[in-house]
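These notes are about the structure you will find just below.
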Amino acid sequence: CPPARPVRRSRGFERRRLPTITYLQTDGSRRHVFVRPGMSLVEAALRFDIPGIDAKCRGNCACVTCHVHIADAWSELLGRPGPMEQSMLDFAEDVDAASRLACQVRVTEACEGMIVTVPATQHTPGL
């Protein structure tokens with residue numbers, strides 16, 4: 001179970017909880033992180049030092065070293081990959097219907113409980 005969730009305080013009286021995103025490694029280990037809405041999954045991965053997400057292009061959709069798998073249950077909320085992301089996924093290994101580039105997925109409060117699976121390898125020819 002993840003620890004108690006921090007509360008984000010705004011200037012008004014509204015209090016919002018930060019969504020918990022779980023990064024699942026191929027060895028079965030999990031990292032639960034609290035992510036500020038508006039951040040991309042790759043920004044969160046870099047901030048919390050998630051193993052297996054290199055993000056060599058630093059989130060500019062110019063490599064595939066932030067390739068992840070996100071369960072189909074989240075696809076309606078997240079939408080499908082755009083043309084540029086889909087084009088880049090052609091260079092990734094183990095691509096399937098759940099494949100996304102973490103730099104292209106923005107976290108919202110509705111992402112609470114999302115599980116992001118990190119593939120065993122990240123590879124971009126020439127990088």
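The values are calculated or read from the model by the stated rules, or taken from the named source; none is laboratory data. Remember, it's a predicted structure, so these values are computed and weren't measured experimentally. Cβ sites come from the backbone with ideal geometry, for glycine too, and all protein chains shown count toward neighbours. Only protein heavy atoms, including side chains, enter the accessible area calculation; ligands, DNA and RNA are left aside. Shrake-Rupley method; radii C 1.70, N 1.55, O 1.52, S 1.80 Å.
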Given the criteria closer than 28 Å to residue 34 by Cβ, of a type in the set (Ser, Thr, Tyr), surrounded by fewer than 17 Cβ atoms within 10 Å (Cβ to Cβ) and more than 15 Å from the chain's Cα centre (by Cα), does residue 121 qualify?
yes
I'm trying to understand the selection: among the residues of the range 46-101, which are of a type in the set (Val, Ile, Thr) and either modelled with pLDDT under 90 or open to solvent by less than 50 Å² (accessible area, probe 1.4 Å) (or both)?
50, 53, 64, 65, 68, 70
